[in-house]
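Inspection log for the structure reproduced underneath, given as structure tokens.
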Amino acid sequence: MATRAPAASAAADVEDVPRTYEGITEPIVAQIRDVSDGIRSGEVKIIWWFVARIDEDEGRNEECAEKDGYGVELCGYEEVAGKWKYRLDREVVRLAVDVVAGSGY
């Protein structure tokens, strides 16, 4: 998948361009969201965004998703950004789509 993160062996002043690596597991974005609610202040949520490529023919592990408390839904590039409530989340999803599409997937 394409990433702008340099390889561990790269020079400190490496050019900021997308590079393709196989088997990467780093998040594409780290987001800090203020979740203060008027009673508690200064509380934040740290969200690590990951992108995964799947083989649709292999199916999904619904059991694992249910046990861990999250949902899994497959949808196309065109509709995925519209599924998010917050503007910044939609921007992250658009970035993820660009990264995946730019990687030739």
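For region 90-105, taking the residues that are surrounded by 12 or more Cβ atoms within 10 Å (Cβ to Cβ) and free of Cβ contacts under 8 Å to residues at least 40 places away in the same chain, the one that is farthest from T3 (Cα to Cα) is identified as R90.
Scanning region 36-55 for residues that are surrounded by 10 or more Cβ atoms within 10 Å (Cβ to Cβ) and over 23 Å from E73 (Cα atoms), we see that the one that is modelled with the lowest pLDDT is S36. Checked against (1) modelled with pLDDT of 70 or more; (2) over 22 Å from E91 (Cα atoms), Y77 passes all but condition (2). Can you tell me which residue is surrounded by the fewest Cβ atoms within 10 Å (Cβ to Cβ) among those in region 8-22 that are out of contact with any Ser or Thr (no Cβ under 7 Å at 6 or more places or on another chain) and either in contact (Cβ under 8 Å) with a residue 60 or more places away in the chain or of a type in the set (V, I, T) (or both)? Per the criteria, the residue is V17. Just to be sure, is K83 modelled with pLDDT of 75 or more and surrounded by 10 or more Cβ atoms within 10 Å (Cβ to Cβ)? For K83, the condition - modelled with pLDDT of 75 or more and surrounded by 10 or more Cβ atoms within 10 Å (Cβ to Cβ) - is met.
Checked against (1) modelled with pLDDT under 75; (2) of a type in the set (A, V, I, L, M); (3) closer than 27 Å to A5 by Cβ, A65 passes all but a single condition, namely (3). For region 1-17, taking the residues that are among the β-branched types (V, I, T) and assigned to a loop (DSSP other than H, G, I, E, B), the one that is modelled with the lowest pLDDT is identified as V17.
The values are calculated or read from the model by the stated rules, or taken from the named source; none is laboratory data. Computed from a predicted structure; not experimentally measured. Note that we place each Cβ from the backbone using ideal geometry, even for glycine, and neighbour counts take in every protein chain shown.
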